[in-house]
Amino acid sequence: MILHSELPASLAECQGVDLHMHSTASDGALSPVDLVALCHRRGLTHMALTDHDTVAGVAAAASAAEALGIRLLPATELSSQWQGLNIHVVGLLPGEAQGALSTGLESQAQAREARAEEIAARLEKVGLSNALARAREQAGEQRPLGRPDFARALVDAGLVPDIATAFKKHLGSGKPGDVKAHWPYLSEVVEWIVDSGGVAVLAHPLRYGLTRRKRGLLLDAFREAGGEAAELISGFQNADATRDLARQLDERGLYGSLGSDFHFPGGPVAPGAMSPVPRTAVAPVWTHPRLSTFAARLN
Ligand code: AMP
Ligand code: MN
Ligand code: MN
Ligand code: MN
């Protein structure tokens, strides 16, 4: 079945679109195929699979999406650093990852491995023996380790009561397990995405704990590097903060994207579930010329 609908030219009118979700290829709970099936059940027409630092789930998701009549954008959410902060950049790609992005993804996998060893060493100091093996056990399959795997290992070992506390005490921003040194600079990951023919989207700009002024500086640096869009909506967020962010995007001529940042069923968000978009002049990222085939009706 092929039944794609055309996407609207205005962000505020869009429905059935989610351009930020995770699968078991990174720290999501659903396989790429199960994620696409859930998106279909929830009425999505357009989606992007944005696993952390990998496109390993894209091929399986793409065939599932094709069979169900959902438009799927190949994508990834790249880890980077800027001014000592861990900044995420979503690359929305018109096709397969290529050029500098292909080599970049290989180096991200290595960086993640080296980082996991360092996180493990630091967590051993707070009492988690065999930290790397325990995180690996939590991850289950042979996918690259992330902080959520260490968080679950800390809970499993009884060192913290829950995941939230694991991040608050040991893994969150500024804590010993928040190891950023292995990630490339923001400008590098943006360049990889552009080199692959994609659009670089600054992920969840409201979730870095920045003042409005500092967020403006981040948006400037991102744009300077070749970034062209930012997520105006990421899951559920304060309406005033959204309007303020819309002004910051508008001032810089950045496109707007939106996504739930879905990781697992039963969590705070579901595919396609997020705050409404206010009336804004910010153009939807799918109106970017490089993503034109994604937004169009297929037949
Ligand atoms: P990593 O990619 O290894 O840096 O891990 C970051 C991931 O951890 C994010 O993408 C979230 O899925 C998850 N995460 C970050 N902060 C928290 C938190 N406070 N509670 C639960 N999960 C979190
Ligand atoms: Mn995640
Ligand atoms: Mn993120
Ligand atoms: Mn994400």
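The values are calculated or read from the model by the stated rules, or taken from the named source; none is laboratory data. Just so it is clear, the structure is predicted and the values come from calculations on it, not from any experiment. Note that each Cβ is placed from the backbone with ideal geometry, even for glycine, and that neighbours are counted across all protein chains shown. Surface accessibility is based on the protein's heavy atoms, side chains included, excluding ligands, DNA and RNA. Shrake-Rupley method; radii C 1.70, N 1.55, O 1.52, S 1.80 Å.
Hey, can you find the accessible area per residue of the chain for me, probe 1.4 Å, expressed in square angstrom? Numbers along the way, then the final one.
On the way: 12930 Å² over 299 residues.
Per-residue value: 43 Å².
Given the options K180, K169, K125, which has the most mean-square fluctuation in a GNM of the chain, springs set between C-alpha atoms less than 10 angstrom apart?
Maximum among the listed residues: K125.
Among V179, V160, V194, which one shows the biggest mean-square fluctuation in a GNM of the chain, springs joining Cα atoms closer than 10 Å?
V160
From the phi angles alone, apply the Karplus equation (6.51, -1.76, 1.60; θ = phi - 60°) to region 126-132 and give each ³J(HN,Hα) in whole Hz, x where the residue is Gly or Pro.
9, x, 9, 6, 6, 4, 5
Using Cα pairs under 8 angstrom and six or more residues apart, how large is the relative contact order of region 107-171, in percent?
RCO, region 107-171: 27 percent.
Calculate what fraction, in whole %, of the accessible area of region 178-299 sits on carbon and sulfur atoms when a 1.4 Å probe is rolled over the protein chains.
51 percent
Explain nothing, just compute: Karplus ³J(HN,Hα) = 6.51 cos²θ - 1.76 cosθ + 1.60, θ = phi - 60°, for every residue of region 63-71 in order, whole Hz, x for Gly and Pro.
Residue by residue, region 63-71 yields 5, 4, 5, 4, 5, 9, x, 10, 7 Hz.
In whole angstrom, note down how far apart the Cα centers of region 244-299 and region 1-59 are.
Taking the Cα centre of region 1-59 as reference, the centre of region 244-299 is 12 Å away.
With a cut-off of 8 Å between alpha carbons and a minimum separation of six or more residues, what is the relative contact order of the chain in percent?
23 percent
What list of ³J(HN,Hα) values in whole Hz, one per residue of region 271-288 in order, does the Karplus curve 6.51 cos²θ - 1.76 cosθ + 1.60 (θ = phi - 60°) give from phi, with Gly and Pro shown as x?
Whole-Hz 3J(HN,Hα) from phi for region 271-288: x, x, 9, 6, 4, x, 8, x, 5, 7, 7, 4, 7, x, 4, 6, 8, 5.
Place a +1 charge on the Cβ of each Lys and Arg in the chain and a -1 charge on the Cβ of each Asp and Glu, then give the dipole magnitude about the Cα centre in debye, rounded to the nearest 20.
780 debye
Considering just Cα atoms, how many Å³ per residue does the convex hull of region 107-171 enclose? Write out the running numbers ahead of the final one.
Working: hull volume 4.6 nm³, N = 65.
It is 70 Å³ per residue.
What number, rounded to the nearest 500 deg cm²/dmol, is the helix-based mean residue ellipticity at 222 nm of the chain, given -39500 (n - 2.57) per DSSP H run of at least four residues and division by all its residues?
-11500 deg cm²/dmol
Mind checking the full-extension length gain between R42 and N130? Use 0.36 nm per residue of separation minus the Cα-Cα distance, one decimal, nm.
Extending this stretch completely gives an extra 27.6 nm.
Given R₀ = 51 Å, FRET efficiency for A281-D156 by Cβ-Cβ distance, to 0.05? Could the numbers behind the result be given before it?
Numbers: r = 49 Å, r/R0 = 0.95.
So the FRET efficiency works out to roughly 0.55.
Which residue, E251, E231, E66, tops the fluctuation ranking in a GNM of the chain built on C-alpha contacts under 10 Å?
E251
Expected output is a single nm value to one decimal: the length gained when fully extending between R247 and R212, i.e. 0.36 nm times separation in residues minus the C-alpha distance. What is it?
Full extension of this stretch gives 11.5 nm more.
Assuming 0.36 nm per residue, please report the length gained on full extension of the stretch E106 to S173 beyond their Cα-Cα distance.
Values: separation 67, 0.36 × 67 = 24.12 nm, distance 2.51 nm.
Extending this stretch completely gives an extra 21.6 nm.
Please report the net charge: other residues with Cβ closer than 9 Å to the Cβ of V160, K and R +1, D and E -1. Kindly include the intermediate steps, with their values, before the conclusion.
Working: positive: K168, K169; negative: D162.
In short, +1.
Could you sort E188, E141, E106 by accessible area so the largest value comes first, with the probe set to 1.4 Å?
Largest accessible area first, the residues go E106, E141, E188.
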